[in-house]
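Each remark here refers to the structure printed beneath this line.
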Amino acid sequence: MIDEVRTTGPLVAFSEPIRREADALKTFLRENLYRHYQVARMTSKARRIVRELFAAFWDDVRLLPTDYRVRAESDRARTIADYVAGMTDRYAILEHRRLFAVGEV
């Protein structure tokens, strides 16, 4: 039975008019939202923040909270990745500012 499902065509699909509308919407969003210059700027900033946070914690695990510092003794990369991945956007920006901005503590 499962082989029959795998070898048949789509089991559920949009009607042709709805598929055309969905395709048009995807094209519009790709061109006007996902590739918008302001989105590209924010994506670039976010990548830089994550990359720099990871590098800072990698270079000096003493910057991590105590429980993560202990975990980092056995698996540094996974621990740092888990810590950074668990941050909200707002917290990551604040943490980046604390580590890199002059005058911040």
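Observations, loosely collected:
- Computed on the Cα trace of the chain, the radius of gyration divided by the Kirkwood hydrodynamic radius gives Rg/Rh = 1.25.
- Our coupling estimate for the stretch 74-86, obtained by passing each phi through the Karplus curve with A = 6.51, B = -1.76, C = 1.60 and θ = phi - 60°, is 9, 8, 4, 4, 5, 5, 5, 4, 5, 5, 5, 5, x Hz, Gly and Pro reported as x.
- Cα-based shape type of the stretch 1-59, given that a ≥ b ≥ c are square roots of the gyration tensor eigenvalues and the cut on a/c is 1.5: oblate
- Backbone N atoms of the stretch 23-51 closer than 12 Å to the 7 Å Cα→Cβ label point of R97 are not found in any residue.
- Full-extension gain in nm, E21 to E104, via 0.36 nm per residue minus C-alpha separation: 24.8 nm
- Entry note, the chain: the mean residue ellipticity at 222 nm calculated from DSSP H runs of n ≥ 4, each adding -39500 (n - 2.57), is -21500 deg cm²/dmol after division by the residues and rounding to the nearest 500.
- Using a probe radius of 1.4 angstrom, the carbon and sulfur fraction of the accessible surface of the chain is 56%.
- Computed FRET value (nearest 0.05) for I2 with D82, which takes r as the C-beta separation and R₀ as 30 Å: 0.25
- With θ taken as phi - 60° and the Karplus curve 6.51 cos²θ - 1.76 cosθ + 1.60 applied, the whole-hertz 3J(HN,Hα) list for the stretch 48-55 is 5, 4, 5, 4, 6, 4, 4, 4 Hz, x standing for glycine and proline.
- Both radii were evaluated on the Cα set of the stretch 53-94; the Rg over Rh quotient, with Rh as the Kirkwood radius, amounts to 0.94.
- Look at the alpha carbon pairs under 8 Å that are at least 6 residues apart: their mean separation over the length of the stretch 41-105 gives a relative contact order of 31 percent.
- Max mean-square fluctuation residue, GNM over the chain, Cα-Cα springs under 10 Å, options V50, V12, V70: V12
- Listed residues N32, I2, S15: farthest to the positive end of the dipole of the chain (Cβ charges): N32
- The magnitude of the dipole of the chain, with charges of +1 and -1 set on the Cβ of Lys/Arg and Asp/Glu and taken from the Cα centre, is near 420 debye.
The values are calculated or read from the model by the stated rules, or taken from the named source; none is laboratory data. Note that the structure is predicted; figures quoted are calculated from it, not measured. Please note: Cβ atoms are built from the backbone with ideal geometry, for glycine as well, and neighbour counts cover all protein chains shown. With ligands, DNA and RNA removed, areas are computed over all heavy atoms of the protein, side chains included. Shrake-Rupley method; radii C 1.70, N 1.55, O 1.52, S 1.80 Å.
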